[in-house]
Structures are given as structure tokens and as C-alpha cells.
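Here the structure is laid out as C-alpha cells; the discussion comes afterwards.
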Amino acid sequence: MPAGDVCVPLFGFARPAEQPLPMIDRHALRLLSPALDALARVLARLGASADGVTLVGFAAGLCAALAIALQAWWLGLVLMLGSRLCDGVDGALARQTQPTDRGAFLDITLDFLFYASIPLAFAFADPARNALPAAALLAAFIGTGSSFLAFAILAERRGLARTAYPTKGFFYLGGLTEATETLLAFVAMCLWPQAFPWIAGVFAAMCLLTVLTRVVAGWQAFGSR
């Protein structure tokens, strides 16, 4: 185990603190990295900046939310996928040019705003059916986001090594609901908008389980001086 890394026992198994549950996000990143790197090389030759790609992706995400609010499900889906493509490319582009703390800050901040915009858009699309499930999902997102960022702050303070996601600009604590799982849930919502209350409810429960595992991981990782 690298120096500074922390391993915590969770549900009877010893896992790195940053990966309390074995989910698909890390594997998806490994599969997509070659294509993202190739696209980033093309953009770098064209003079694109990582921050510019981040902003374009965020704008596409807001347009996706607007389309969903207007019940243009397929347009929202396409724009959302484009937004997430930009979110994958910006990091690869930053690594090929010059990663900055400003870029990492911008990326994570706009990601959280994008994730909040999609449930809100479904609430606008059909307030009677979707408002309460959307509120529950947004509350769950607050839990996952706050536990994620709180762990990252304290992990940085203690100098914990980033083994599961070494290319991230900060300590990236995994969980049951990461970026890939969230995107799959959003895709399902766009494909079956009438099932939004059920999809949102199930995913909110998964988010709460993620919060629980992160609380346990943090409690154990930061329990000693």
C-alpha cells in the first residue's frame, strides 16, 4: 500500500478509503480513457483549453435541463450526453497541457450544479408527479456531495495518497453512486420520463447508501491522529 494511504474495513472487507464500494465508475474511466485522450490530443492541437471545454460542457448541461423541463426528452438526452463527453475530455486535455487548481475547482463546482439541474428540470416538466421525488433526490445529492467534499478536504490535510483515481485533481472518494451511475440514472429518466418518480426514488436510496459508506469510511480513516 502506498505511503499515506488508508485502508478501512467495510462490511467485513478491507478496502481503500477512497473506494468503499466496488462500483463501475473506475472501470468505465479505464475503458473510455484511450478515446478521451485521443479526442483531447485533437483539441490540444486546435488550441482548445481545458477550462473552455468545461464551460462548453456545463452550457450543454444547462441546455439539456431546459429541454427536459420543456419535455423534449430526446433533445435533453443528446445534450446531456454531449455535456458529459466534455466533462470527460476536459480532464484529459488538462493532463496533456497544464493541469491547474483553478480548473479542478471549476470542474467539480460545475459538475455539482449540472447534477442538481436535471432532477430540478424533471420537477418543472411535471410538478404534480415529479416535484417530491426530485426534492428527495436533490436532498440525497446534498448528502453525497457534502460527504465527498468533506472527505477530500481532510484527506488532503492528512496527505492521503490517491490510488483509485490518481489523475484526479483532488482526493476522489468513491461510492455506490458515482458519475457513471448517475449518468445512467439520468439516461433512464429521459428514456422513460413517466417512470421518473420510481427511478428518482431508487437512486435516492442508493445515494443514501453511498452517504452511509462514506460516513463509515471517514469515521474509520480519520479516527486516529
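The values are calculated or read from the model by the stated rules, or taken from the named source; none is laboratory data. As the structure is a prediction and not an experimental result, all values here were calculated from the model. Neighbour counts run over all protein chains shown; Cβ positions are idealised from the backbone, glycine included.
Tabulated values for the structure
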quantity	calculated
Scope the range 68-78; condition of a type in the set (A, V, I, L, M, F, W, C) and surrounded by fewer than 22 Cβ atoms within 10 Å (Cβ to Cβ); matching residues	Ala69, Leu70, Ala72, Trp73, Trp74, Leu75, Leu77, Val78
Top-ranked residue in the range 25-65 [being more than 25 Å from Glu181 (Cβ to Cβ) and among the basic types (Lys, Arg); ranked as surrounded by the fewest Cβ atoms within 10 Å (Cβ to Cβ)]	Arg45
Within the range 68-124, tally of residues that are over 20 Å from Ala40 (Cβ atoms) and among the β-branched types (Val, Ile, Thr)	4
Every residue from the range 109-123 that is of a type in the set (Val, Ile, Thr) and either surrounded by fewer than 20 Cβ atoms within 10 Å (Cβ to Cβ) or not in a helix (DSSP H, G or I) (or both)	Thr109
Residue among Leu75, Leu55 that is within 25 Å of Pro193 (Cβ to Cβ) and modelled with pLDDT of 90 or more	Leu75
Qualifying positions in the range 39-84 - outside any helix (DSSP H, G or I), without any contact (Cβ under 8 Å) to a residue 60 or more places away in the chain and either within 20 Å of Val187 (Cβ to Cβ) or in contact with a His (Cβ under 7 Å, 6 or more places away or on another chain) (or both)	Leu70, Ala72
